[in-house]
1. Taking the residues in region 250-271 that are without any contact (Cβ under 8 Å) to a residue 40 or more places away in the chain and closer than 15 Å to Arg307 by Cβ as candidates, determine which candidate is most open to solvent (accessible area, probe 1.4 Å).
2. Please list, ordered by first then second residue, the pairs with beta carbon atoms under 6 Å, 6 or more apart or interchain, first in region 90-110 and within 12 Å of Ser421 (Cα to Cα), second of a type in the set (Ser, Thr, Tyr) and part of a loop (DSSP other than H, G, I, E, B).
3. For region 319-353, enumerate the residues that are small (Gly, Ala, Ser) and under 22 Å from the mean Cα position of the chain (by Cα).
4. Counting just the residues of region 345-358 that are of a type outside the set (D, E, K, R) and in a loop (DSSP other than H, G, I, E, B), which one comes out least open to solvent (accessible area, probe 1.4 Å)?
5. Return the pairs, sorted by first residue and then second, in which the second residue is outside any strand (DSSP E or B), the first residue lies in region 374-390 and is more than 25 Å from Val400 (Cα to Cα), the beta carbons are less than 6 Å apart, and the residues are 6+ apart or on different chains.
6. What do you reckon, is Arg125 within 28 Å of Val289 (Cβ to Cβ) and either assigned to a loop (DSSP other than H, G, I, E, B) or open to solvent by 20 Å² or more (accessible area, probe 1.4 Å) (or both)?
7. Could you list all residues from region 359-374 that are assigned to a strand (DSSP E or B) and under 15 Å from Val329 (Cα atoms)?
8. Looking only at region 368-420, filter to residues that are in contact with a Cys (Cβ under 8 Å, 6 or more places away or on another chain) and open to solvent by less than 40 Å² (accessible area, probe 1.4 Å); which one of those is farthest from Leu351 (Cα to Cα)?
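The values are calculated or read from the model by the stated rules, or taken from the named source; none is laboratory data. It should be emphasised that the depicted structure is a prediction, and the values quoted were computed from it without experimental measurement. Note that we place each Cβ from the backbone using ideal geometry, even for glycine, and neighbour counts take in every protein chain shown. Ligands, DNA and RNA are excluded from the accessible area calculation, which covers all protein heavy atoms including side chains. Shrake-Rupley method; radii C 1.70, N 1.55, O 1.52, S 1.80 Å.
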Amino acid sequence: MSTATTLPESTCPYPGPSHPVGPPQGAHSCDGCGRPVLYCNRCGTANRVLSRFCRQCGTSRPDVRWSCRGGEAESALLAILTSENSPRLRWEARVDEPVGTSPLVCSGLLMAVAANGRLTVFRERSNQPVHRGSLVLDHLVASPALVDGLLVAAADHRLQIVDLATMLNITPDTPSRDRMLEFPGTITSHLVTDGRARVVFTSVDSGRLYLHCLMTRPGEGLQLRFSRLLGNGVPADAFCPVAFLDDAMIVGEPEGHLWVYHGEGRLLTEDTLRGGVAPLPWLTRQGGVLAAGADGRIYRLDASLGRLCVADACERPLYAFGASDAHLVACHGRLVRHIRLASTVSTQFELPQACSLDPLVVANTAALLSDEWSVYLLELGGASSFVRWTQRLFSSPGAVQAPLVATPRTLFACGPAGEVSAVGWAG
């Protein structure tokens with residue numbers, strides 16, 4: 001069994017003059033060139049932040065996966081939030097514009113994209129930005145995605161693809177895979193990835209609903225795999241969620257129509273969810289897709305569109321939900337419901353402040369950011385659910401729009417006036 005070791009110094013992994021970098025206890029940046037580095041857990045060698053394998057021992061790095069959300073179970077970006085040590089505020093910073101979409105985390109980097117396209121990249125342990133810049137797009141509404149070293153953002157009918165290796169000057173001699181793609185109508189879902197090579201989303205053009213799938217090709221970046229017309233009569237401002245399930249994609253629209261497409265673009269089956277589909281993102285968990293109905297119920301859908309109701313409706317509106325493989329947390333304002341997915345047993349309690357953003361649920365712990373800018377850490381694994389830790393992070397007026405994301409040791413929250421806070425655990 002191998003054990004982690006620490007080297008006293010390691011050669012800079014970036015192109016250019018060779019110079020040593022500090023040990024892992026340092027600032028996680030090269031002492032010579034200042035660019036971010038990550039250290040191999042096995043041999044301690046410094047590697048570029050987006051490398052999939054250690055350049056010294058060849059060990060794969062499972063944290064280098066690509067996801068739409070930092071909280072997605074398939075992304076392997078999160079370990080267990082639960083720790084015997086109390087969380088503490090690690091650092092604070094401020095960006096030029098409030099972050100209006102879901103931030104992204106990968107390889108110890110936080111990527112915060114404002115609605116006007118302003119992009120700021122932070123290291124996990126430092127409030128000094130690694131990169132500041134702007135996308136070509138603005139008026140971003142859909143949450144962006146990461147896949148195969150590419151940042152993908154959407155606005156109106158366009159997608160901008162940014163090669164992170166070029167943007168962060170990691171491989172300056174490699175041809176950039178930056179692209180701008182156009183699609184019919186208005187994009188009506190978040191961008192969703194399978195964690196490996198594909199990105200899917202929906203758009204509506206003159207009432208016609210389309211499903212689009214892009215796939216990475218070696219050396220070429222993202223290319224359109226297929227577009228499919230799903231149906232007609234869909235409003236341009238509708239939210240039409242989509243999720244991956246193994247090699248299939250499941251799509252819904254407000255009236256309740258559901259479609260399942262194979263990864264190659266072949267229609268597998270379709271059905272209708274009675275009562276309609278809620279305008280909330282879907283989650284892939286334990287061989288199924290968790291989807292909210294317009295009536296407030298939450299269902300587990302399988303690839304044949306068989307469904308199991310895992311959470312009944314309650315007297316209050318459903319604003320958001322999150323889940324691990326074992327637990328589902330639903331936010332109904334101040335009322336929070338905890339559902340154990342194996343038994344669908346439900347408990348509920350009131351928080352001092354209302355929560356309407358997607359909770360982050362990992363293993364037996366949930367993290368919620370309230371509408372009044374406090375973080376609540378919930379313990380879910382015992383006989384009863386309870387609040388284990390809480391802290392108010394922001395004091396500025398305005399609405400919080402960006403959900404929480406996390407790495408294994410750091411929870412990131414973005415405030416209404418451009419604040420960014422990193423809450424850390426020991427280790």
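1. In this case the residue turns out to be Glu270.
2. Pairs found: none.
3. Selection gives Ala320, Gly322, Ala323, Ser324, Ala326, Ala330.
4. Applying the filter and picking the extreme gives Leu357.
5. Correct list of pairs: Gly381/Asn364.
6. Numbers: within 28 Å of Val289 (Cβ to Cβ): no; either assigned to a loop (DSSP other than H, G, I, E, B) or open to solvent by 20 Å² or more (accessible area, probe 1.4 Å) (or both): yes.
In short, no.
7. Leu360, Val361, Val362, Thr365, Ala366, Ala367, Leu368, Leu369
8. Top of the filtered list is Val420.
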